[in-house]
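Encoded as structure tokens, the structure appears first; notes follow it.
Here, each number is a calculation from the coordinates, and none is a lab measurement. Bear in mind that the values here come from a model prediction, so they are computed numbers and not experimental data. For neighbour counting, all protein chains shown are included, and Cβ atoms are generated from backbone atoms with ideal geometry for every residue, glycine included.
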Amino acid sequence: MGVNFKKVGENAGNTDFQPLPEDRYNVKITAAVVGATKNNNEMITVTFDVVEGKYTNRKLWSNFTLTEKAFVYLFSLLKAIGSDLIDSEDVETDDIAKALVGGQCSVMASIESNTQTGKPRNTVSSFKSLEEAGELATMTETKLFD
């Protein structure tokens, strides 16, 4: 099969995506890849796809370094997607990555400057189950209209 890059280029449009606005987004984990940091620590790179609203199908990414100090962030993501792994001991990295894919939750996207390029990029934090996120939204709306 031949690839027509001329046609691809004509149809590509602007591929210089701006970061998503700072907000909470409902997402689905579409990939979790095991790799290593520059310091040779194990890491899982997670790809999130936005599943609702104006930014549906836009992607967010987060790296989870597998160190004692950072395990709490991965634990909170696993808890938010309802994974049984949070009650497990001695879980292999590949098993963690497999358990993440397909999980859905709500994340808070913030904007920071990329330390290498200086361009703005999203960071992802504050993982909540979809139920928790719905309750937060309802409480916020109630406070706004009271």
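If the chain linking residue 104 and residue 52 were pulled fully straight, counting 0.36 nm for each residue of separation and taking away their Cα-Cα distance, it would gain 17.6 nm.
Annotation: amide H-H contacts under 5 Å for residue 43 (H modelled 1.01 Å from N, sequence separation of 5 or more, or interchain): 35, 36, 37, 66.
Shown in residue order for the stretch 62-76 are the 3J(HN,Hα) couplings computed by the Karplus curve 6.51 cos²θ - 1.76 cosθ + 1.60 at θ = phi - 60°: 8, 9, 10, 6, 8, 10, 3, 5, 9, 4, 4, 5, 5, 4, 5 Hz (x for Gly and Pro).
Can you figure out the FRET efficiency of residue 90 with residue 42, using R₀ = 22 Å and their beta-carbon distance, to the nearest 0.05? Efficiency at R0 = 22 Å is approximately 0.90.
3J(HN,Hα) along the stretch 34-42: 7, x, 9, 7, 4, 8, 6, 7, 5 Hz, from the Karplus curve 6.51 cos²θ - 1.76 cosθ + 1.60 with θ = phi - 60°, whole Hz, x for Gly and Pro. Backbone amide hydrogens, once placed in the peptide plane, bring residue 51 within less than 5 Å of 26, 27, 28, 57, excluding anything fewer than 5 places away on its chain.
Note on the stretch 44-91: Cα Rg divided by 2.2 N^0.38 Å, N the number of residues, gives 1.35. Cross-link partners for residue 98 among the lysines, with Cα-Cα distance under 30 Å and sequence neighbours closer than 8 places in the same chain left out: 28, 38, 54, 59, 69, 79, 128. Between residue 65 and residue 126, full extension at 0.36 nm per residue minus the direct alpha carbon distance yields a gain of 20.3 nm. Calculated from the alpha-carbon coordinates, the chain shows an Rg and a Dmax of 17.6, 61 Å respectively.
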